[in-house]
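The values are calculated or read from the model by the stated rules, or taken from the named source; none is laboratory data. These numbers were taken from a predicted model, which means no experiment stands behind them. Positions of Cβ are backbone-derived with ideal geometry, glycine not excepted, and every protein chain shown enters the neighbour counts. Side chains included, ligands, DNA and RNA excluded: accessible areas come from the protein's heavy atoms. Shrake-Rupley method; radii C 1.70, N 1.55, O 1.52, S 1.80 Å.
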Amino acid sequence: MNEKIAKALTDANVMKFGEFTLASGIVSPIYVDLRVLPSYPDSMLIVTEDLVKLVKKLKPDVVAGAETAGIPLATAISLKTKIPMIYVRKRPKSYGRKEHIEGVLEKDAKVVLVDDMATNAFSKLKFIEGIKNSNGVVEDVVIVLDREQGGVEALAKENVKLHSLITLKELLNYMKENNILDESKYNEIMDYLEANK
């Protein structure tokens, strides 16, 4: 487990407990809100430093921020690495040139898609489709947190590899070990995750 990332995410209060409908349509007893990261500069810095190390190993021509949560992460990566950045919309604009991406993307450029997290990777597949339709090549997706609910497998079917800094289970284990999450809540969430793989 990456304890530094677990602590950074915990310090940024990214975990919410209750009943939530996720973007994937799945109802969950937890919601991980990584969109708050830029509001916690210390945590954001720790997370983006590890994302930079990961992206550098992949040697992309371009980093693509997924609308909306991936945009600040990709911006930070681009500024630190000097790798050009684009961002990809959930759907093409309905006006102007009706672009799916914003920024400069050369034909056959190797693109790493950056986003906050993955559940079943449904939205990642849409973003990848948008990049491919704009003549980019995507072999890797880089995220902060993997909920481990089918994302790796869904992307693998499209020959895309998912890279994450931490899994949801690792973050929950860190919170339990540090008495931030009590045993009964931890067990309830783990049961839910087991039932919703």
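On the given criteria, is residue 96 modelled with pLDDT under 95 and either part of a strand (DSSP E or B) or open to solvent by less than 30 Å² (accessible area, probe 1.4 Å) (or both)? Answer is no for this residue. Evaluating residue 189 against the criteria (1) open to solvent by less than 60 Å² (accessible area, probe 1.4 Å); (2) within 14 Å of residue 117 (Cα to Cα); (3) out of contact with any Ser or Thr (no Cβ under 8 Å at 6 or more places or on another chain) leaves one unmet condition, (2). A Cβ distance below 9 Å, combined with a sequence gap of six or more or placement on separate chains, defines the contacts here; from region 152-170, residues that are touching a residue at least 12 places away in the same chain (Cβ under 8 Å) and small (Gly, Ala, Ser) reach no residue that is assigned to a strand (DSSP E or B) and open to solvent by 50 Å² or more (accessible area, probe 1.4 Å).
For region 50-80, the set of residues classified as open to solvent by less than 10 Å² (accessible area, probe 1.4 Å), in a helix (DSSP H, G or I) and farther than 16 Å from residue 36 by Cα consists of 51, 55, 77, listed by residue number.
So which of 47, 55, 62, 32 ends up being under 19 Å from residue 160 (Cβ atoms) and either under 16 Å from the mean Cα position of the chain (by Cα) or polar (S, T, N, Q) (or both)?
55
Among the residues making up region 15-49, those that are in contact (Cβ under 8 Å) with a residue 60 or more places away in the chain and either open to solvent by 20 Å² or more (accessible area, probe 1.4 Å) or not in a helix (DSSP H, G or I) (or both) are 15, 17, 22, 23, 24, 26, 28, 29, 30, 32, 35. A single entry from 192, 186 fulfils the requirement of being of a type outside the set (Gly, Ala, Ser) and in contact with a Pro (Cβ under 7 Å, 6 or more places away or on another chain): 192.
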